[in-house]
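J.: Dumping the structure here so I can ask a few things about it.
The values are calculated or read from the model by the stated rules, or taken from the named source; none is laboratory data. Just so it is clear, the model here is predicted, and its values are computed rather than measured. Glycine gets a Cβ as well: all are built from the backbone with ideal geometry, and neighbour counts include every protein chain shown. SASA here: full protein model, heavy atoms, side chains in, ligands and nucleic acids out. Shrake-Rupley method; radii C 1.70, N 1.55, O 1.52, S 1.80 Å.
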Amino acid sequence: MGLKLSSKKRAKRSDLVDQQLQKDLIQENQTIKIIVLGTGDSGKSTLLKQMRIVFQGGLPENDKKLYKDTIRANIIRDMVSLLKAAEDLEISLNESNKSLAKYFYSSVTPDSESLNQELAFQNRSKFQIPDQLIFINNYTWRVVDVGGQRSERRKWIHHFDDVDVFIYIVAISEYDQQLFEDSAINRMHESMSLFNKTANSENFKEKNCILFFNKTDLFQKKLKTSPLSKFFPDFNFENDPQSGHEFFKQKFLSIGRNHNRHIFTHFTCAIDTDSMKLVLEAVNVTIIENHLKKDGFI
Ligand SMILES: Nc1nc2c(ncn2[C@@H]2O[C@H](COP(=O)(O)OP(=O)(O)OP(=O)(O)O)[C@@H](O)[C@H]2O)c(=O)[nH]1
Ligand SMILES: [Mg+2]
């Protein structure tokens, strides 16, 4: 039959299929799926931006444009809030402020907004690109960045399959703040309870974890006026950053520690690219070692 391949052709085709399968396997082996979790505002998306700056040499032009529009929209929205508050509090504006006010009010009419600006007024999570690729030498990090507020967390489960590395971010400066979603709840308590739920869940309980204590810059500043013991009465140490770091590190380690995994900790200021470069290089080593161990290479 004409449709039958000669045995030589069949062998060649089979070789090609084998080669492709091998290529796919290598490609697959070298893709590392990383999920970044933590409560709202802890710094997850900022960490991802720094990963792209440090390992990819910057952000793509399209993203920059989107951020520019978002920043502009946020400024306008916040100015309008301030102006409305001034009105409510009967604070009178001088002439130059009045013309500025007119400009800001007119900027929020629907027909004067670009599509991006309009989008910027919606929930910030809509701007998050949940799944981003970062190329580092022979490896591809597939980094999943989710929204951390309570309403966003129900979507997390869709990203839990095949996770290789679990990063959890705590905003250490939030020890004296209440949740945006529920003003009766302390943000640090929320973060500890969320860490308990996720780190000890079926999906992650045997996975190594990289734990970031972020916003150390704000933590340092805040301690001067907002004593830690006021919010955590079991903090019986000097009210200084080092003691505070150690205190929260032990709290989180005691929540997540078990015999099947390591928890690697880092204290970070995610908005500082120079310091994040060093942290992310250390994280890269941890991630590669983790990957090689999983595949039985070391
Ligand atoms: N001062 C300071 N600000 C930070 C730091 N890390 C992040 N931020 C700021 O904190 C805000 C929230 O950061 P995001 O990265 O958007 O937080 P997120 O965890 O992605 O928040 P959601 O997506 O809402 O869950 C942003 O304005 C960041 O610039 C830090 O280490 N220090
Ligand atoms: Mg985010």
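J.: Does the range 24-78 hold any residues that are modelled with pLDDT of 90 or more, of a type in the set (Val, Ile, Thr) and within 15 Å of ligand 2 (Cβ to nearest atom), and which are they?
T.: Residues satisfying the conditions are Ile34, Ile35, Val36, Thr39, Thr46.
J.: Still on this structure, I have one more. If I filter the range 125-160 down to residues being within 10 Å of ligand 2 (Cβ to nearest atom) and farther than 25 Å from Asn284 by Cβ, which single residue comes out as modelled with the lowest pLDDT?
T.: If we take residues in the range 125-160 being within 10 Å of ligand 2 (Cβ to nearest atom) and farther than 25 Å from Asn284 by Cβ, then Ser125 is modelled with the lowest pLDDT.
J.: Can Ile53 be described as open to solvent by 50 Å² or more (accessible area, probe 1.4 Å), within 16 Å of ligand 1 (Cβ to nearest atom) and touching a residue at least 24 places away in the same chain (Cβ under 8 Å)? Break it down into steps so the answer makes sense when it comes.
T.: Values: open to solvent by 50 Å² or more (accessible area, probe 1.4 Å): yes; within 16 Å of ligand 1 (Cβ to nearest atom): yes; touching a residue at least 24 places away in the same chain (Cβ under 8 Å): yes.
The answer is yes for Ile53.
J.: Another question, if that's okay. Within the range 143-176, restricting attention to residues that are under 16 Å from Ile34 (Cα atoms), among the aliphatic types (A, V, I, L, M) and assigned to a strand (DSSP E or B), which residue is nearest to ligand 1 (Cβ to nearest atom)?
T.: Ile169
J.: Continuing with the same structure: Looking only at the range 249-279, which residues are open to solvent by 30 Å² or more (accessible area, probe 1.4 Å) and within 16 Å of ligand 2 (Cβ to nearest atom)?
T.: Scanning the range 249-279 gives a single hit, Ile271.
J.: Given the conditions (1) touching a helix residue (DSSP H, G or I) at 6+ places or on another chain (Cβ under 6 Å); (2) in a strand (DSSP E or B); (3) within 15 Å of ligand 1 (Cβ to nearest atom), report the number of the one that Leu218 does not fulfil.
T.: Condition (2) is where Leu218 drops out.
J.: So which pairs qualify, if the first residue must be in the range 268-281 and more than 19 Å from Glu246 (Cα to Cα) and β-branched (Val, Ile, Thr), the second must be open to solvent by less than 20 Å² (accessible area, probe 1.4 Å) and in a helix (DSSP H, G or I), the Cβ gap must be under 8 Å, and the two must be at least 6 apart or on different chains?
T.: Going by the 8 Å Cβ cut-off, the qualifying pairs are Thr273/Gln50.
J.: In the range 223-248, how many are open to solvent by less than 50 Å² (accessible area, probe 1.4 Å) and in a helix (DSSP H, G or I)?
T.: 8
J.: Could you run through the range 280-298 and say how many residues are touching a helix residue (DSSP H, G or I) at 6+ places or on another chain (Cβ under 9 Å) and open to solvent by 20 Å² or more (accessible area, probe 1.4 Å)?
T.: Result for the range 280-298: 5.
J.: Could I ask something else about it? Cβ-Cβ under 6 Å, sequence separation 6+ or interchain: first residue in the range 183-200 and assigned to a helix (DSSP H, G or I), partner of a type in the set (D, E, K, R). Which pairs?
T.: Arg187/Glu174; Met188/Glu174
J.: Also: Testing Pro233 on (1) out of contact with any helix residue (DSSP H, G or I) (no Cβ under 9 Å at 6 or more places or on another chain); (2) touching a residue at least 24 places away in the same chain (Cβ under 8 Å), one condition comes back false. Which one is that?
T.: (2)
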